[in-house]
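Okay, structure first, notes after.
The values are calculated or read from the model by the stated rules, or taken from the named source; none is laboratory data. All values reported here derive from a predicted model rather than from experimental measurement. Ideal geometry is used to build each Cβ from the backbone, glycine not excepted, and the neighbour counts take in all protein chains shown. Accessible surface is based on the protein model in full, side chains and every heavy atom, while ligands, DNA and RNA are left aside. Shrake-Rupley method; radii C 1.70, N 1.55, O 1.52, S 1.80 Å.
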Amino acid sequence: MLYREAGQFKTSYAADQAIFPIPQDRYMLAGILAIAFGVVPFVLNDYWVNAILLPFLIYALAAIGLNILTGYCGQVSLGTGAFLAVGAYSSYKLMTGFPEMNMLVVFALAGLITAAVGLLFGLPSLRIKGFYLAVATLAAQFFIIWLFYKVPWFFNYNATGQITVPPRDLFGFRLTGPEAVPAVRYLVTLSIVAVLALAAKNMARGHVGRAWMAIRDMDIAAELIGIRPLRTKLLAFAVSSFYIGVAGAMMFAIYLGAAESGETFGIQQSFDVLFMIIIGGLGTVLGGFLGAAFLVLLPIGLEAVLVEGLGLSTNFAEHVKLILLGSLIIFFLIVEPHGLARLWQITKEKLRLWPFPH
Amino acid sequence: MNAEVTTAEAPAAAAAVADAPENDTAPAEERAAGHGAGAAPAPAPKETLLAVEDVSLAFGGVKALQNVSFDIAKGEIRAIIGPNGAGKTSMLNVINGFYHPQEGRIAFKGQLRRRMRPHFAAAQGIARTFQNVALFRGMTTLDNIMTGRALKMRRGILWQALHWGPARREELEHREFVEHVIDFLEIEHIRKTPVGRLPYGLQKRVELGRALAMEPDLLLLDEPMAGMNLEEKEDMSRFIIDVNEQFGTTIALIEHDMGVVMDLSDRVVVLDHGEKIADGTPEEVQADRRVIDAYLGVPND
Ligand SMILES: Nc1ncnc2c1ncn2[C@@H]1O[C@H](COP(=O)(O)OP(=O)(O)O)[C@@H](O)[C@H]1O
Ligand SMILES: [Mg+2]
């Protein structure tokens, strides 16, 4: 047996509560982290950082954020694009208003500002649910994007209406702007995402996470055991928006370097991140990573096979991508709501019994 | 979903409810006789835990409850019986603040209660199970029961994110309590199973576990044995008696099986068409003409 759970007795509740109670999982995670921190920075190039690593990590963070709200707490949101924009514009205003501010502080504050905005737009969730809440968040999406487009203060009155990141260092290394060092951009992003992913996992397995899931599964029963619906939902909105805000700030400052409200943070972003958590798995932190990897890699893979391999047109590859995405979303929504993360878990269960399946 | 109501709150009424008249039954003795516990019954002085006075509740034209009054003494098992649609579930919903009666007063632990939200009733020490199981289906047995500790876990979001130091200690401390509940209900083997995959009888047991994890002063059980086979009913009866005797939890129980009601309960309230038609020991109630006509005479679901 390669992989086993049965027969591994936990000696204490502390061991049983661990994030990865099974040693094999721990080894695998340690291995991935060792490669991500110790090997990748030395072999990466500009293309890898810009096309794969940064979008993967940043979208994974946004997806973890949306998953807290939608997957764990059951509140559907189509406002992700707008919350990414709030994070991006906050970081821009902070960086230009306070040029000396440490970039880690910029990201944290951008997250907090987005959390406050998320809290505000979460208020209707006390009264409205499901489809209607989704429509309300859609309204927030359009309103916020319109605001960033209409109020010149947000883009410092420049003529283009775009925001462009000023060059900034972190611990003496160039992190943003045209001269940024790829390995620095990657390592900073990776560190922030790793820390926040761990924090998300911790929240999810504690009493806050259980309260979110209780509200998601049956809000009336949750209230009757003393969980306050509004407070719990607002907390989910705030934490989720914090994550998405930090992702938006990093997307602008580290990954893209420039942004323009509707162009960069339109409704398509909201849908993309939603697709990530549906395909990756609702209500799991792992799902954020799997979904982001899938959506970032899918177009690259299709392009490589269809355009470069078979000589078909880029347009055709784009259509194939949409068809594939659509079918996958239908498949996961109907057949496996817990997404790729659940398929991974099933594979592990199979491995556990292999080679003696019962 | 329910009409705006203002509960009549005259100060005099508060005093009246708080000093509810002594009841002339002796719960402890009755129960000892009922399920043959054998232990010498202590003639404990009866303190009223919950007093319901003249409660009326209507949904549009449907009068779910009409001028219902009764009390629940501390430490007793109080059954509420009656035909389907009699208003039993509505009564529990009123007690835990989910429905707001148009008229009447409710005093819990001697305090007259104002209009409130259900989470406040939970904070006051009222727990409950549902006629149709209301578990959190996406969560495991363990997590479901852990949610019962929600009100007792205080570490904020930042500690949660760290999951270290005080937050971790708090989690482990409550985990230990919950493990006792799990042992007590003999559901160790399904600890990590998502409740959606459990058979109905076990789901009911997990739901009881979640309520017990709240360490309530008053436990409301809405048909805890509905849809169970004989063996499961016996198990559940044993758990209810054990909860009452070991932890001293006061229990209000809705149940159709008269055998179970006779065995378990100290006193019985009988509702019919929203009205109280009898109130007394199981023997008294069973012999009551109106009860026989309304309920016992006709076969029930
Ligand atoms: N939320 C509600 N809205 C409308 N009518 C209700 C509601 N809850 C209960 N009722 C009505 O109140 C009456 C009593 O119902 P209920 O308390 O569920 O009875 P029981 O639990 O004794 O079977 C029924 O006629 C039922 O239809
Ligand atoms: Mg009922």
(message) Going by amide H atoms built from the backbone, whose H comes under 5 Å of the H on A:G283, apart from near neighbours?
(response) A:G71, A:Y72
(message) Per-residue Cβ counts within 10 Å, from other chains only, averaged over A:196-208: what number is that?
(response) 5
(message) Within the protein assembly as shown, what whole-number % of the accessible surface is contributed by carbon and sulfur, with the 1.4 Å probe and all protein chains included in the calculation?
(response) 62
(request) Collect residues whose amide H, placed 1.01 Å from N in the peptide plane, falls under 5 Å from the amide H of B:A79; neighbours closer than 5 in sequence don't count. (result) B:L253, B:D266, B:R267, B:V268, B:V269
(request) State to the nearest 20 debye the size of the charge dipole of chain A about its Cα centre, where the only charges are +1 on K and R beta carbons and -1 on D and E beta carbons. (result) 940
(request) Rank B:I241, B:L172, B:L221 by how far each Cα sits towards the positive end of the charge dipole of the range B:143-279 (+1 on Lys, Arg Cβ; -1 on Asp, Glu Cβ) and give me just the farthest. (result) B:L172
(message) Can you give the local net charge around A:G81? Use residues other than it whose beta-carbon is closer than 14 angstrom to its beta-carbon, Lys and Arg +1, Asp and Glu -1.
(response) -3
(request) Please express the Cα-Cα pair-distance distribution P(r) of the range B:197-301 as a list of whole percents, one per 5 Å bin, running from 0 to the bin with the greatest distance. (result) 2, 11, 22, 22, 18, 14, 8, 2, 0
(message) Just to be sure I understand the curve: with the Debye formula and one point per C-alpha of the range A:208-267, what is log10 I(q)/I(0) at q = 0.29 Å⁻¹?
(response) -1.12
(request) Set Lys and Arg Cβ to +1 and Asp and Glu Cβ to -1, take the dipole of chain A about its Cα centre, and tell me which of A:L138, A:Y59, A:S240 lies farthest positive. (result) A:S240
(request) Lys and Arg at +1, Asp and Glu at -1: add these up for the other residues within a Cβ distance under 10 Å of A:Y72 and post the number. (result) +2
(request) With a point put 7 Å past each Cα toward its Cβ, work out how far A:L33 is from A:W48 in nm, to one decimal. (result) 2.1
(request) Over both sides of the B-A contact, add up the buried accessible area with a 1.4 Å probe and give it to the nearest 100 Å². (result) 3000
(request) Measure out, as a whole number of angstrom, how far apart the alpha-carbon centroids of the range B:129-174 and the range A:169-203 sit. (result) 32
(request) Starting from the amide H of B:I277, placed 1.01 Å from N in the peptide plane, find each other amide H under 5 Å away whose residue is 5 or more places distant or on another chain. (result) B:V270, B:L271, B:D272
(message) Distance between the C-alpha centers of the range A:256-295 and the range B:185-226? Whole Å please.
(response) 38
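Kindly rank B:229-238, B:70-79, A:103-112, A:68-77 from highest to lowest mean number of other beta carbons found within 10 Å of each residue. All intermediate terms of the calculation are to be shown ahead of the outcome.
Numbers: B:229-238: 14.4, B:70-79: 23.1, A:103-112: 20.5, A:68-77: 27.0.
The densest-packed peptide leads the list: A:68-77, B:70-79, A:103-112, B:229-238.
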(message) Give me Rg/Rg_expected for the range B:177-219, where Rg uses Cα atoms only and Rg_expected = 2.2 N^0.38 Å with N residues.
(response) 1.12
(message) Starting from the 7 Å offset along Cα-to-Cβ, what nm value, one decimal, do you get for the label separation of B:Q111 and B:Q246?
(response) 3.0
(request) Could you work out how far the C-alpha centroid of the range B:68-92 sits from that of the range B:227-301, in angstrom? (result) 9
(message) Quick check: pseudo-label points 7 Å beyond the Cα along Cα→Cβ at A:Q162 and A:A194, how many nm apart are they?
(response) 3.3
(request) May I ask you to order A:190-199, A:42-51, B:205-214 by the average number of other C-beta atoms within 10 Å around their residues, highest value first? (result) B:205-214, A:190-199, A:42-51
(request) Report the percentage of all Cα-Cα pairs in the protein assembly as shown whose separation exceeds 41 Å, rounded to a whole percent. (result) 39
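Rounded to the nearest 500 deg cm²/dmol, what is the calculated helix-only ellipticity per residue at 222 nm for chain A, with -39500 (n - 2.57) per DSSP H run of length n ≥ 4?
Numbers: 16 runs with 234 residues, N = 358.
Using -39500 (n - 2.57) per qualifying helix, the result is -21500 deg cm²/dmol.
List the equivalent ellipsoid semi-axes of the range B:115-255 in whole Å, largest first, each obtained as the square root of 5λ for an eigenvalue λ of the Cα gyration tensor.
Working: eigenvalues 130, 63, 39 Å².
Over the Cα atoms of the range B:115-255, the semi-axes work out to 26, 18, 14 Å.
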(request) With a cut-off of 17 Å, note down the residues of the range A:76-115 whose backbone N falls inside the zone around a label point 7 Å from the Cα of A:F171 toward its beta carbon. (result) A:102-108
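Express in % the proportion of alpha carbon pairs of the range A:45-265 at distances exceeding 26 Å.
On the way: 8630 of 24310 pairs.
Roughly 35 percent, rounded to a whole number.
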(request) Please give the contour-minus-distance gain from B:N84 to B:R191: 0.36 nm per residue of separation, less the Cα-Cα distance, rounded to one decimal in nm. (result) 35.1 nm
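Given Cβ point charges of +1 (Lys, Arg) and -1 (Asp, Glu) and nothing else, what value in debye, to the nearest 20, does the dipole of the protein assembly as shown about its Cα centre take?
Details: 55 positive and 63 negative charges, 481 e Å.
The dipole of the protein assembly as shown has a size of about 2320 debye.
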(request) Using per-residue counts of other Cβ atoms within 10 Å, averaged over each peptide, order A:171-183, A:237-249, A:275-287, B:248-260 from highest down. (result) A:237-249, A:275-287, B:248-260, A:171-183
(request) For the protein assembly as shown, build the charge dipole from Cβ charges (+1 Lys, Arg; -1 Asp, Glu) around the Cα centre, then report which of A:A211, B:G85, A:G111 sits farthest towards its positive end. (result) A:G111
(request) Please label the shape of the range A:221-358 as rounded, prolate or oblate, based on the square roots a ≥ b ≥ c of the eigenvalues of the alpha-carbon gyration tensor (a/c under 1.5 means rounded; beyond that, a/b larger than b/c means prolate, else oblate). (result) oblate
(request) Please work out how much accessible surface B:K88 shows to a 1.4 Å probe, ignoring ligands, DNA and RNA, in Å² rounded to 10. (result) 10
(request) Return the subset of B:K63/B:K204; A:K201/B:K152; A:K150/A:K233; A:K129/A:K233; A:K348/B:K192; A:K201/A:K348 for which the Cα-Cα distance in this structure is over 23 Å, preserving the input order. (result) B:K63/B:K204; A:K150/A:K233
(request) Can you work out the PRE-style zone for A:E100? Point 7 Å along Cα to Cβ, and I want the residues of the range A:147-171 with backbone N under 20 Å. (result) A:166-171
